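The values are calculated or read from the model by the stated rules, or taken from the named source; none is laboratory data. On a predicted model such as this, the values are computed, not experimentally measured, just so you know. All Cβ positions, even for glycine, are placed from backbone atoms using ideal geometry, and neighbour counts span all protein chains on display.
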Amino acid sequence: MKTMKLTSFILSVVLLIGFASCNELSTQPNEDKKIDLDSKSAQLVEANNAFGLELFQKIRQNSTEDNIMVSPLSVSLALGMAYNGADGDTKTEMEEAMKLNGLTSEQVNISYKMLVAALQSLDEDVVFEIANAIFYKNGFTIKQNFLDLNNTYYDAEVDDLDFSGPAALETINGWVADKTHNKITKILNELTPNDRMALLNAIYFYGTWTTRFDEDGTKMRTFTKKDGTEMEVPMMNKEDKLLYASNKLFSAVQLPYGNGQYNMAVMLPGQGQTSEDIIGELNAGNWENWAPGFQEQDHVVVTMPRFKFGYETGLKKVLKDMGMVKAFSDSEADFSEISDEYLFISSAIHKTYIDVNETGTEAAAVTALVFTTTSVGPEGPQKIYFTVDRPFVFAITEKDTHAILFIGEVQNPEYED
């Protein structure tokens, strides 16, 4: 091994998706928009979904917590930006883990740019904001092409800071707080003398259910947990015209937000099945095959719990299990397109938060990758009753592309104000 001084580079990504009161939103009917992606952008969405579903499966396998949630979009954007700095076998492993085979680096960047632009212009009653920034220690040598790629395709702000003083940390965390409307106020607790760069992505989403749940209809009802124990929880209730699907594995509804471009799919296990059985069948092929099974039903009575929880997990082991090994190696990583100094990913952390209630949904996710440089027809309406009274799977998606923004499992729907 060559001998080089130890330096580190931090890549942090913040994703926030929130839905709240629509008091400040337009009440005028808006013209529906449709995403029509080119073939390469559609291939990127399929890759992101395949990657995200496998990531979610592996995180569930390694987690003992009742409630979990990940944001495939957040992790994919983080890795996509880091991908611009990878080369050699490291880049190849990232391509394979992220399911990007068949796409060139340029096509990946162009497709992300098109997708992000499309997602931000779908619904005037839903705010969807995406921002990127690169803060680096003054004096650290970073390759201009890496900065140019992230500026051109991710519209990243670039600024150098004095990492030796507290002002740098305040600037970085202040940027996060500003771009997430103070829903996430801190991404970094400290900057060490060896830290060299922080790359951040922030996404903010604000909206409400297309049809809200009746607050007066929320009642305490029984929810049966995985171990068979019962708990009394506040269950929301509404009857609505919804997309509904049912098969041997699960029954499901899609609950739309705004003009319907975004929705939450709630998947309830079928008779003799569990939420873990659903997760076990999550893959890109099944995800696409299940989509046509959703048919509009006029009278669907949805009874489901409020739920609110936070979740944190490390991504390093999971990503290595998915084949992204060299990126985490202190002797074999190749991020030479970022700097001539040796860089490897020393840690990867993902945090999420979600709050589902009668008005809508508020959710947040933070992904942080730390890079280190080292020496190495009836008479009356027929109703469908969809009662979520046992562990279930949910996903927040975009209608036209089926892009998965969040996906999670709830085994214990506690809700504390």
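Conditions (1) hydroxyl-bearing (Ser, Thr, Tyr); (2) in the same structural domain as Leu100 (by TED's automatic domain parsing); (3) in contact with a Ser or Thr (Cβ under 9 Å, 6 or more places away or on another chain), marked per residue:
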position: Lys241; (1), (2), (3): no, no, yes
position: Gln273; (1), (2), (3): no, no, no
position: Pro292; (1), (2), (3): no, no, no
position: Thr313; (1), (2), (3): yes, yes, yes
position: Gly323; (1), (2), (3): no, yes, no
Residue hits (the stretch 158-168; exposed (fewer than 15 other Cβ atoms within 10 Å of the Cβ) and acidic (Asp, Glu)) are Asp159, Asp162
For the stretch 131-155, which positions are among the aliphatic types (A, V, I, L, M) and either over 30 Å from Tyr262 (Cα atoms) or crowded, with 20+ Cβ neighbours inside 10 Å (or both)? Ala133, Ile134, Ile142, Leu147, Leu149
Does the stretch 68-76 contain at least one residue that is in the same structural domain as His350 (by TED's automatic domain parsing), modelled with pLDDT of 95 or more and surrounded by 20 or more Cβ atoms within 10 Å (Cβ to Cβ)? yes
Across the stretch 323-375, what is the total count of residues that are of a type in the set (S, T, N, Q) and surrounded by 20 or more Cβ atoms within 10 Å (Cβ to Cβ)? 8
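Residue-wise test of (1) of a type in the set (S, T, N, Q); (2) closer than 19 Å to Thr401 by Cα; (3) under 26 Å from the mean Cα position of the chain (by Cα).
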{"site": "Asn247", "(1), (2), (3)": "yes, no, no"}
{"site": "Leu255", "(1), (2), (3)": "no, yes, yes"}
{"site": "Asn263", "(1), (2), (3)": "yes, yes, yes"}
{"site": "Glu276", "(1), (2), (3)": "no, no, yes"}
For the stretch 69-98, how many residues are outside any helix (DSSP H, G or I) and under 17 Å from Asp330 (Cα atoms)? 3
Selection status of Lys399, among the basic types (Lys, Arg), surrounded by fewer than 23 Cβ atoms within 10 Å (Cβ to Cβ) and over 16 Å from the mean Cα position of the chain (by Cα): no
What are the pairs with Cβ atoms under 6 angstrom where one residue, in the stretch 124-146, is assigned by TED's automatic domain parsing to the domain that holds Tyr112 and over 15 Å from Glu157 (Cα atoms) and the other, located anywhere, is part of a loop (DSSP other than H, G, I, E, B) and modelled with pLDDT under 80? Sequence gap at least six, or different chains. Glu124/Ser26; Glu124/Asn30; Asp125/Leu25; Asp125/Ser26; Val126/Gly207; Phe128/Gln120
Please specify each residue of the stretch 272-286 satisfying the condition of being surrounded by 17 or more Cβ atoms within 10 Å (Cβ to Cβ) and more than 27 Å from Phe223 (Cα to Cα). Ala284
Would you pick out the residues in the stretch 312-338 that are at pLDDT below 95 and within 19 Å of the chain's Cα centre (by Cα)? Glu312, Thr313, Gly314, Leu315, Lys316
Restricting the stretch 206-220 to residues that are buried (at least 18 other Cβ atoms within 10 Å of the Cβ) and in contact with a Ser or Thr (Cβ under 9 Å, 6 or more places away or on another chain), the residue that is farthest from Val388 (Cα to Cα): Gly207
